[in-house]
Every structure is written in structure tokens, then in C-alpha cells.
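Have a look at the structure below, then the notes.
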Amino acid sequence: MAPTGDDHYHPKDAIHAGIYHGLVFGGGGLLFAAVRNSLAKKNVGPWTTFTRNGGIIATFAAVGGAYEFTRAASANLREKDDYWNHAVGGFVAGAILGLRSGRMPRIIGYGAFASVALAAYEYTGGTLKGYLNRPEVDEYERKEMLRQSRRRPIEETLAEIGEGRGIRPPGYEERRRERIKEKYGIDINPVCADPNAA
């Protein structure tokens, strides 16, 4: 995470964050369970969303709440807000996903996978654009720097691709008229569309 103006750590309310994200993820689990219930082949009522698919709702809520609580608690204990907190929270969340299988290798494997994935995501800037997109650098200034470092003179561009096709440097119309007269023998006299021109 990018450093702010002050260097000291501000503690987070881990219990509030855990409850809030548990409710949010539980709502997502409820939506997932409702969709799964609506796709059932038998004619079932709406309460089977909770009776038959209630484990899905509970798993979603537990994963979201445990991840956020563990991440915030780890940040509070270490007094740092970095990718290690996401790794610890990801391990706990992945382990909760593996608990449904009841097998220790799956619990540890799911935890390790979630830990590595979430830590790598946070380490690369918390975005899919990657590590090069640093939040402490102004985006406008970065793009201007890239434009200036890659800008080429118009003469070099014209030498490589030539003029025409929308590229009209100064004197293009005169050179075009000369080429047409030389190649086809047709003299083109430019007509001015301005009625007030002399």
C-alpha cells in the first residue's frame, strides 16, 4: 500500500470489518444459493434456499468475515498495512473453504492457494494493471512522460510511412498537384470556397 503523508499506523476495527464483510459475503452466498435453488429439476419452494443450500450461505459468510477480520487483526498486531496481512487472511479464508471437504490436505491446500493468490494480487498494487502502476505517481504526469519519451519528429514519421492517407504536412497540396500533373498530365487549379476571397 502506498505510504501516506504520516508514517505511523492507524489501527482498524477488526470486529466491525469482519461482521460487515461477513454480511456482505453472506448476501452473495444467499444470491448464489437462490440461483442454485431456482435451477433445481424438482419443483421446490423458496425455503429450500435455506434448508438445502444453507451451507453455501454460511460458507460464503464465514469466508468473507474471517478473511477481513484476520487481515485487519494481523495489520493491527504488526502495525503495518502490507501484503502479508492479505496472505494471512487469505490462508484463513481458504482453510475455511477447505473445511467443507473435511480433509486436512485440502484445508491446507486451499489455504495456501488463497494466501498466495491474495498476497500476489496485493503485492502487485491491488489491481490487474500490475506493479508498474504505482499509486504514488500521478497518472497524468506518468502519461505525459511516456508521450515525451516516445515522441518522434514528423520528418522521421513522413520518411517511414510517407504522406497521404490523412497525413498532410505543410506544402502537401502543392506537391500533390505536381505529382498528378507529372503522372497524368492534368492541371488542378485550386478553387477557393470563400465567396469573399479576392
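For the reader, a short list of remarks on this structure follows.
- Helices (runs of 4 or more DSSP H) wholly inside the range 30-105 containing at least 2 residues that are within 24 Å of Thr124 (Cα to Cα): 54-78, 83-99
- Top-ranked residue in the range 167-198 [being surrounded by 11 or more Cβ atoms within 10 Å (Cβ to Cβ) and not in a helix (DSSP H, G or I); ranked as modelled with the highest pLDDT]: Ile188
- Residue tally, condition free of Cβ contacts under 8 Å to residues at least 24 places away in the same chain and on the phi < 0 side of the Ramachandran plot, over the range 100-118: 12
- Take the conditions (1) touching a Phe, Trp or Tyr at 6+ places or on another chain (Cβ under 7 Å); (2) at pLDDT below 90; (3) not aromatic (Phe, Trp, Tyr); Ala17 misses just one of them, which is (2).
The values are calculated or read from the model by the stated rules, or taken from the named source; none is laboratory data. Just so it is clear, the model here is predicted, and its values are computed rather than measured. Positions of Cβ are generated from backbone atoms using ideal geometry, with glycine treated the same way; all protein chains shown enter the neighbour counts.
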